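The values are calculated or read from the model by the stated rules, or taken from the named source; none is laboratory data. Please read all numbers here as calculations on a predicted model, not as lab measurements. Virtual Cβ from ideal backbone geometry, glycine too; neighbours counted across all protein chains shown.
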Amino acid sequence: MVAATDAASLERRSNVRVRPMTQADLRSVVDVHFEVFPGYFLTRMGRRFTLLYYAQYLTHHRAYALVAEVDGSVVGFIVGGRDVGDLERRFYRRNFATLASIIAYRFVTDPVARASILARAPVVRRATRTVLRPKRAAEREAIKRARKPARRPTASVLSVGVRERHRGLGLGRMLLERFVDLARDDGAHVVKDTVQRDNVEQLARKVRAGWREIHADEHRVSFALEIVPAPTEPELAVGGDDLKFTP
Ligand SMILES: CC(C)(COP(=O)(O)OP(=O)(O)OC[C@H]1O[C@@H](n2cnc3c(N)ncnc32)[C@H](O)[C@@H]1OP(=O)(O)O)[C@@H](O)C(=O)NCCC(=O)NCCS
């Protein structure tokens with residue numbers, strides 16, 4: 001394995017690049033996801049569900065989706081965006097029939113998936129409400145937003161992964177740096193990322209890389225990275241939705 005090098009010098013190597021994700025990358029992205037996130041919710045839901053999940057990042061106006069390519073093959077990716085609550089709602093609303101049938105099938109046939117689905121009951125409930133009573137759901141959302149205190153403009157990383165044999169080369173850092181550039185251009189002051197508690201390696205990396213822990217529960221730890229200094233707004237909390245959809 002080669003030692004991590006800085007992102008700029010890595011990208012000068014002609015066989016390595018980070019670029020926007022396209023429709024044509026989706027199958028490769030799903031392959032990388034299945035390798036990198038075994039046992040995670042999306043993996044349990046299968047390839048079709050996972051493909052629909054990543055596809056939404058290509059069309060949402062406040063979503064960012066990038067891939068890392070080595071010798072023309074996709075070996076890593078990062079997705080996220082400014083309005084992750086809206087991304088989640090739109091994902092379930094637009095694909096409701098397909099997703100509902102996959103979830104129902106997995107619920108009946110796969111006991112591990114069943115536990116995962118039950119743990120996401122609030123998400124599924126919210127999604128169902130948005131589809132069945134869209135007007136009422138929009139009103140509730142507007143009320144909730146109005147009640148929230150002012151928060152710093154925040155972008156969230158929803159998923160980042162690099163194939164195992166390409167790790168330690170600086171690709172993860174390159175993806176993250178590009179993500180931060182997109183977030184900054186989109187007006188974000190903070191980038192947030194949530195890590196599963198059992199992902200010990202990633203928890204340690206976040207601390208080493210200077211991310212600040214902002215929230216923790218028994219399953220996850222949320223971190224924030226300041227990308228724009230905030231001398232005039234120290235009292236504002238980090239924005240974004242508290243309940244992150246963990247892929
Ligand atoms: C996390 C992952 C994408 C990192 O990819 P990588 O290409 O091996 O990482 P790099 O070689 O670019 O790392 C170089 C440095 O960049 C920084 N960096 C890279 N990825 C980072 C991330 N996601 N968050 C914060 N810092 C990161 C770190 O400072 C790192 O140095 P360190 O590992 O010594 O702490 C990769 O390990 C992976 O796919 N892991 C499994 C999936 C996973 O856990 N994803 C995160 C879920 S929250």
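Can you name every residue in the range 186-224 that is under 16 Å from GLY81 (Cα atoms) and within 13 Å of the ligand (Cβ to nearest atom)?
Passing the criteria: VAL191, LYS192, ASP193, THR194, SER222, PHE223, ALA224.
Which residues, counting only those in the range 111-128, are of a type outside the set (Gly, Ala, Ser) and more than 15 Å from ASP86 (Cβ to Cβ)? Lay out the reasoning, then the answer.
Here is the first cut: in the range 111-128, the ones of a type outside the set (Gly, Ala, Ser) are 111-112, 114, 117-118, 120, 122-126, 128.
Correct list: PRO111, VAL112, ARG114, ILE117, LEU118, ARG120, PRO122, VAL124, ARG125, THR128.
Can you name the helices (runs of 4 or more DSSP H) wholly within the range 104-174 that have at least 1 residues being hydroxyl-bearing (Ser, Thr, Tyr), within 24 Å of the chain's Cα centre (by Cα) and surrounded by fewer than 16 Cβ atoms within 10 Å (Cβ to Cβ)?
121-132
Quick one: count up the residues across the range 180-219 that are closer than 19 Å to ARG151 by Cβ and of a type in the set (Lys, Arg).
Residues that pass the stated criteria total 3.
If only one of ASP193, ASP185, ASP198 is touching a helix residue (DSSP H, G or I) at 6+ places or on another chain (Cβ under 8 Å) and acidic (Asp, Glu), which one is it?
ASP193
Residues in the range 141-163: is at least one in contact with a helix residue (DSSP H, G or I) (Cβ under 9 Å, 6 or more places away or on another chain) and over 21 Å from GLY80 (Cα atoms)?
Scanning the range 141-163, I find no residue that is in contact with a helix residue (DSSP H, G or I) (Cβ under 9 Å, 6 or more places away or on another chain) and over 21 Å from GLY80 (Cα atoms), so the answer is no.
Of the residues VAL75, VAL18, which single one is at pLDDT 95 or above, over 26 Å from ASP198 (Cα atoms), within 15 Å of the ligand (Cβ to nearest atom) and not polar (S, T, N, Q)?
Within the list VAL75, VAL18, the selection yields VAL18.
If you take the residues in the range 176-185 that are surrounded by fewer than 23 Cβ atoms within 10 Å (Cβ to Cβ) and either under 18 Å from the mean Cα position of the chain (by Cα) or touching a residue at least 12 places away in the same chain (Cβ under 8 Å) (or both), which one is nearest to the ligand (Cβ to nearest atom)?
Filtering first and then ranking leaves LEU176.
What are the residue pairs meeting all of these: first residue in the range 4-30, first residue under 22 Å from THR50 (Cα atoms), second residue surrounded by 11 or more Cβ atoms within 10 Å (Cβ to Cβ) and modelled with pLDDT under 70, Cβ atoms under 9 Å, and 6 or more apart or on different chains?
From the range 4-30, the pairs are VAL18/ALA7; VAL18/GLU11.
Could you list, in sequence order, all residues of the range 53-66 that are surrounded by 20 or more Cβ atoms within 10 Å (Cβ to Cβ) and out of contact with any Pro (no Cβ under 8 Å at 6 or more places or on another chain)? Please lay out each step first, then the result.
Restricting attention to the range 53-66, the residues satisfying the condition of being surrounded by 20 or more Cβ atoms within 10 Å (Cβ to Cβ) are 53-54, 57, 63-66.
Result: TYR54, TYR57, ALA63, TYR64.
Can you say whether ARG173 is among the charged types (D, E, K, R) and in contact (Cβ under 8 Å) with a residue 60 or more places away in the chain, as far as the supplied structure shows?
Spelling it out, ARG173 is indeed among the charged types (D, E, K, R) and in contact (Cβ under 8 Å) with a residue 60 or more places away in the chain.
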